Amino acid sequence: SCLVGSEMCIRDRVTSNTYADNIKIATEGAYPPWNSKTSDGKLIGFEVDLANILCGYMKKHNCTIVEQDWDGMIPALKAKKYDAIMAGMSITDERKKVITFSQGYADEVASFAVMSGSNLEGIKTPVAINLSKGSNSATLNTLKKALAGKTVGVQTATIHQNFLDSGDVGKVNVRTYKTQDEVNLDLASGRCDVALAAAVAFTDYADKSGKPVVLVGPTFSGGAFGNGVGVGIRQGGDDAIGKRDAKLLKDFNKAIDKARKQGIISKLAIKHFGFDASM
């Protein structure tokens, strides 16, 4: 409680109204088709469309989507610069140590990619490896031999970099980039032999640029690659903001349930990815 008109009372009311009526959702704006920008800087993509729909379901009238560089995404969330992350962020055990996640709203399988004509095109293996269910050692051994000594481009601070650093595909020269766009450009220019990212990131780049990018090897999911993509939210605490964050998590989960049941997520995925990636 507070004395009406006191500084403390005014501050409490402002804080309460701010957290009740305003949600800031961060996205990278550089990971198409999950999220990207138009030439005039407008944020667009699957997650931008989905975020607006989820906010409508939650009846939050002042929902704002803001841009944030990938490598500062979680630190800025913890610093309360925004309230949630929707940026193609996979739900992993490592990330769950520092933030919490909504239920997953989309699947993201990873794949290696090369340019057409590369001698690595020969490692096409129509296998889907779910690392949570055990690895396919024969396929991984084939990859190790093919990638030995190769330069592999990958976006920094991602599950894809973590996988390369784990050594599961042998000794490769890992070259990191700030954004996926930079990975794509260096792959196309030949500055890296092969790249690793979400499969749809490569197919989207190939479709929009006309570059002959080819997916090779198996697709990967589970384990180090996480369990789908979800909304990242601060871990709730005992203070007012922490309780509000815990409530926000419940609101997002309810909204995702509604969007899934109404077929909205499926429609958005088909629109942006060309297939149903909903969970």
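The values are calculated or read from the model by the stated rules, or taken from the named source; none is laboratory data. Note that the coordinates shown come from a computational prediction; the quantities given were computed from them, not determined experimentally. Glycine gets a Cβ as well: all are built from the backbone with ideal geometry, and neighbour counts include every protein chain shown. Keep in mind that these areas ignore ligands, DNA and RNA; they rest on the heavy atoms of the full protein, side chains included. Shrake-Rupley method; radii C 1.70, N 1.55, O 1.52, S 1.80 Å.
Overview of values
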| item | result |
| --- | --- |
| Some residue of the range 38-54 being among the charged types (D, E, K, R), within 23 Å of residue 156 (Cα to Cα), surrounded by fewer than 17 Cβ atoms within 10 Å (Cβ to Cβ) and modelled with pLDDT of 95 or more | no |
| Total residues in the range 261-279, condition loosely packed, with under 13 Cβ neighbours inside 10 Å and either among the polar types (S, T, N, Q) or part of a loop (DSSP other than H, G, I, E, B) (or both) | 3 |
| The range 86-140 - residue that is of a type in the set (D, E, K, R) and part of a loop (DSSP other than H, G, I, E, B) and, of those, nearest to the chain's Cα centre (by Cα) | 108 |
| Tally of residues being assigned to a helix (DSSP H, G or I) and more than 23 Å from residue 30 (Cβ to Cβ) across the range 187-242 | 4 |
| Residue check for residue 270: out of contact with any Phe, Trp or Tyr (no Cβ under 6 Å at 6 or more places or on another chain), among the hydrophobic types (A, V, I, L, M, F, W, C) and modelled with pLDDT of 95 or more | yes |
| Lone qualifier among 211, 150, 178 - being under 18 Å from residue 89 (Cα atoms), in contact (Cβ under 8 Å) with a residue 12 or more places away in the chain and not aromatic (Phe, Trp, Tyr) | 178 |
| Enumeration of residues in the range 200-240 that are open to solvent by 10 Å² or more (accessible area, probe 1.4 Å), farther than 28 Å from residue 76 by Cβ and touching an Asp or Glu at 6+ places or on another chain (Cβ under 9 Å) | 214 |
| Residue 176 being of a type outside the set (Gly, Ala, Ser), open to solvent by 40 Å² or more (accessible area, probe 1.4 Å), under 15 Å from residue 159 (Cβ atoms) and at pLDDT below 95 | no |
| Of all residues making up the range 119-147, the number that are open to solvent by 30 Å² or more (accessible area, probe 1.4 Å) and either within 17 Å of residue 173 (Cα to Cα) or out of contact with any Phe, Trp or Tyr (no Cβ under 7 Å at 6 or more places or on another chain) (or both) | 20 |
| Flag for residue 184 being of a type outside the set (Lys, Arg), modelled with pLDDT under 95 and either touching a strand residue (DSSP E or B) at 6+ places or on another chain (Cβ under 9 Å) or open to solvent by 30 Å² or more (accessible area, probe 1.4 Å) (or both) | no |
| Condition met for residue 12 (part of a helix (DSSP H, G or I), open to solvent by 60 Å² or more (accessible area, probe 1.4 Å) and either among the acidic types (Asp, Glu) or modelled with pLDDT under 95 (or both)) | yes |
| Options 94, 67, 47: the member that is acidic (Asp, Glu) and within 17 Å of residue 226 (Cα to Cα) | 94 |
| Filter result for the condition that a residue is under 23 Å from residue 49 (Cβ atoms), surrounded by fewer than 17 Cβ atoms within 10 Å (Cβ to Cβ) and not acidic (Asp, Glu), over 243, 258, 247 | 258 |
| Boolean, residue 79 is small (Gly, Ala, Ser), exposed (fewer than 15 other Cβ atoms within 10 Å of the Cβ), within 30 Å of residue 263 (Cβ to Cβ) and over 15 Å from the mean Cα position of the chain (by Cα) | no |
| Some residue of the range 38-48 being closer than 17 Å to residue 199 by Cα, outside any loop (DSSP other than H, G, I, E, B), hydrophobic (A, V, I, L, M, F, W, C) and in contact with a Pro (Cβ under 6 Å, 6 or more places away or on another chain) | yes |
